[in-house]
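Shown next, in structure tokens, is the structure this report addresses.
The values are calculated or read from the model by the stated rules, or taken from the named source; none is laboratory data. Just so it is clear, the structure is predicted and the values come from calculations on it, not from any experiment. Backbone-built Cβ (ideal geometry, glycine too); neighbour counts: all protein chains shown. Just so you know, the surface numbers come from the protein's heavy atoms only, side chains and all, with ligands and any DNA or RNA stripped out. Shrake-Rupley method; radii C 1.70, N 1.55, O 1.52, S 1.80 Å.
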Amino acid sequence: MADNNSLIGGGVSSLPFTDRVIIVQILVIIFLFINFLLIMTFFQKECFYTSTRYILFAITLFSDSLILFVTNILLILTYLEFTLQVWICIILSASMILFNIVTPVTLTAMTLERYVAICMPLRHAELCSTRSTMHFILIIHGLSSVPCIVILSTVFASASLSFYTQHRLCAMASLMLYRWQDHVRSAVLQFYFLIMVIIIVFSYAKIMQVAKAASGEDKKSSWKGLRTVILHGFQLLLCLIQMWCPFIEAAVFQIDLILFINVRFYNYILFNLTPRCLSPLIYGLRDEKFFHALKRYAFFGLYKRNIR
């Protein structure tokens, strides 16, 4: 059994920086670049930054990009067995918890927007105005901050002042000192995801009813909205699995450090990178209007720069 307590002092281990880590860096750079292009495209047309669905899409891009950046840094530090002072780790963990929740909550809000657009079209302009969307964004971040506050409060309530100056691997597993903290975290996250699953299933059922009853262009629009809700549900499932990863990692952390590093690496690939590839696919490439704007900005924008 590895001595995890020996990782104090902030040193770097002799583990080699393998090809698989380098490949992940390339993938992260590619995804961040794609997200950057999508964000810049979002600001190119007024119809995007005045439309609820595209504003919420931009929120997911921002949160996903931040999560990719922070988690990638922590992945490298973990792989190198580089330790940080606990207070720095708490700040990084707070941002991870917050934006890990922001993405699924925003996906749920996007699902509700599709529900209103298809099932309540006459009220869509009123309920999904630009002003209302700004309120939605505040509500999304307010709701997302609650699990972060609750989880970190369990750390503050159980740790002594000397704990914050210790050097540890930066992972939630190293911040959870007692079993009850894991139970609190699990209960909060499962409650949130239960509510989000209920909302997505409800929206799916209602849109399905409208799709069956509609005809012509309305039917085509309804089925397209239904496919979008299904994709949001799949993303939410991946996010749910991702929320279970820290509990798996916490159990492995107590057994063996190298196994913990390997498990964290594969969890990162499957449940961090994969869900965040779907947002650009669903709205950046599936959406015809946004896709044409992206092509125009990516190719013509770069062409103009080269001429200059």
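A compact table of results
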{"read-out": "Number of the condition not met by L138 [criteria: (1) under 18 Å from I91 (Cβ atoms); (2) under 22 Å from the mean Cα position of the chain (by Cα)]", "value": "(1)"}
{"read-out": "Per-region count, region 140-154, residues surrounded by 20 or more Cβ atoms within 10 Å (Cβ to Cβ) and farther than 30 Å from E113 by Cα", "value": "1"}
{"read-out": "Given (1) farther than 28 Å from L56 by Cβ; (2) open to solvent by 80 Å² or more (accessible area, probe 1.4 Å), index of the condition R227 fails", "value": "(1)"}
{"read-out": "Long-range neighbours under 7 Å by Cβ, at least six apart or interchain, first residue more than 12 Å from C89 (Cβ to Cβ) and open to solvent by 60 Å² or more (accessible area, probe 1.4 Å) within region 160-189, second among the hydroxyl-bearing types (S, T, Y) and in a helix (DSSP H, G or I)", "value": "L177/S158; Y178/S158"}
{"read-out": "Residues (open to solvent by 90 Å² or more (accessible area, probe 1.4 Å) and modelled with pLDDT of 85 or more) located in region 37-46", "value": "F43"}
{"read-out": "Subset of region 52-69 (residues that are without any contact (Cβ under 8 Å) to a residue 24 or more places away in the chain and either farther than 17 Å from I97 by Cβ or crowded, with 23+ Cβ neighbours inside 10 Å (or both))", "value": "A58"}
{"read-out": "Condition met for A109 (within 21 Å of the chain's Cα centre (by Cα) and surrounded by fewer than 18 Cβ atoms within 10 Å (Cβ to Cβ))", "value": "no"}
{"read-out": "Some residue of region 20-36 being open to solvent by 60 Å² or more (accessible area, probe 1.4 Å), in a loop (DSSP other than H, G, I, E, B) and modelled with pLDDT under 80", "value": "no"}
